[in-house]
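Accompanying notes for the structure given below.
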Amino acid sequence: MRVAGVFLLSFASAVGVGAVELAGVSLPDSVQVAGSTLKLNGVGIRKKVIIKVYVGGLYLPAPNADPAAILAADEPRQMIMQFVYKEVEAAKVTEAFREGFANNSAASLSTLQARLDAFCALWPSMRAGDRAVMTYVPGNGTTLVINGKELGRSDGKDFADALFAVWLGQKPADSRLKQGLLGQS
């Protein structure tokens, strides 16, 4: 059944159907960022034990299943988090980001700390249906948009790399989500 789902997802992306659906969440097969088209690289569900928290979608200029190459490339990238759980308090969301930075970017955490604190301060509690979009554009930093409203921007590729390493790093919070974002599930 899993193979059929992967084939169907691959087929839908290849023929440009326009959207991929997972757990009732529809994600477009491509997005426009700073004059470039980013393609949906993969999707997955973030689970905490057995609870589905959000559906994630990773967008890149071209398909890529190598997390190190994705993080090394200085090119636009986008992560969408669409929440499916009834409510996740802001403190829980930011705790997960802080843990992800510590687990995957510990060596550079001291230089990132002030930007991480500012990024975490932007987050409200998230409810089912809320959508967070984090977009990195070289030279422009990483923007956070929640439900269509831009809440702030964090400078530096180093911040973007640490942020995307939360999902793609050596110690992701959810390894199945990482596999999905890399198009491997």
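In table form, for the structure just shown:
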quantity: In segment 16-46, the residues that are farther than 12 Å from G57 by Cβ, free of Cβ contacts under 8 Å to residues at least 60 places away in the same chain and assigned to a loop (DSSP other than H, G, I, E, B); calculated: G16, V17, G18, G35
quantity: Close pairs from segment 138-154: first touching a residue at least 24 places away in the same chain (Cβ under 8 Å) and under 16 Å from D117 (Cα atoms), partner among the basic types (K, R) and part of a strand (DSSP E or B), Cβ under 8 Å, at least 6 apart; calculated: L144/R153
quantity: Of all residues in segment 15-48 being of a type in the set (V, I, T) and out of contact with any Leu (no Cβ under 9 Å at 6 or more places or on another chain), the one that is surrounded by the most Cβ atoms within 10 Å (Cβ to Cβ); calculated: V25
quantity: Residues satisfying the stated conditions in segment 40-92, i.e. more than 24 Å from G139 (Cβ to Cβ), in contact with a strand residue (DSSP E or B) (Cβ under 8 Å, 6 or more places away or on another chain) and charged (D, E, K, R); calculated: R46, K47, K52, K86, E87
quantity: Complete set of residues in segment 78-133 that are among the acidic types (D, E) and closer than 26 Å to L27 by Cβ; calculated: E87, E89, E95, E99, D130
quantity: Qualifying residue in segment 47-63 (condition: over 11 Å from the mean Cα position of the chain (by Cα), part of a helix (DSSP H, G or I) and not aromatic (F, W, Y)); calculated: no
quantity: Per-region count, segment 71-98, residues more than 16 Å from G156 (Cα to Cα) and part of a helix (DSSP H, G or I); calculated: 9
quantity: Identity of the residue in segment 82-97, over 15 Å from the mean Cα position of the chain (by Cα) and surrounded by fewer than 18 Cβ atoms within 10 Å (Cβ to Cβ), that ends up nearest to R176 (Cα to Cα); calculated: Y85
quantity: Those residues of segment 99-114 which are surrounded by 17 or more Cβ atoms within 10 Å (Cβ to Cβ) and in a helix (DSSP H, G or I), in sequence order; calculated: G100, F101, N104, L112
quantity: Any hit, segment 167-175, residues being within 12 Å of R115 (Cα to Cα) and modelled with pLDDT of 95 or more; calculated: no
quantity: Test: residue in segment 128-136 that is touching a strand residue (DSSP E or B) at 6+ places or on another chain (Cβ under 8 Å), surrounded by 20 or more Cβ atoms within 10 Å (Cβ to Cβ), more than 25 Å from G35 (Cα to Cα) and among the aliphatic types (A, V, I, L, M); calculated: no
quantity: Within segment 49-81, tally of residues that are surrounded by 13 or more Cβ atoms within 10 Å (Cβ to Cβ), of a type in the set (D, E, K, R) and closer than 18 Å to S185 by Cα; calculated: 1
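The values are calculated or read from the model by the stated rules, or taken from the named source; none is laboratory data. Here the structure is a predicted model, which means the values were calculated and not measured. Ideal geometry is used to build each Cβ from the backbone, glycine not excepted, and the neighbour counts take in all protein chains shown.
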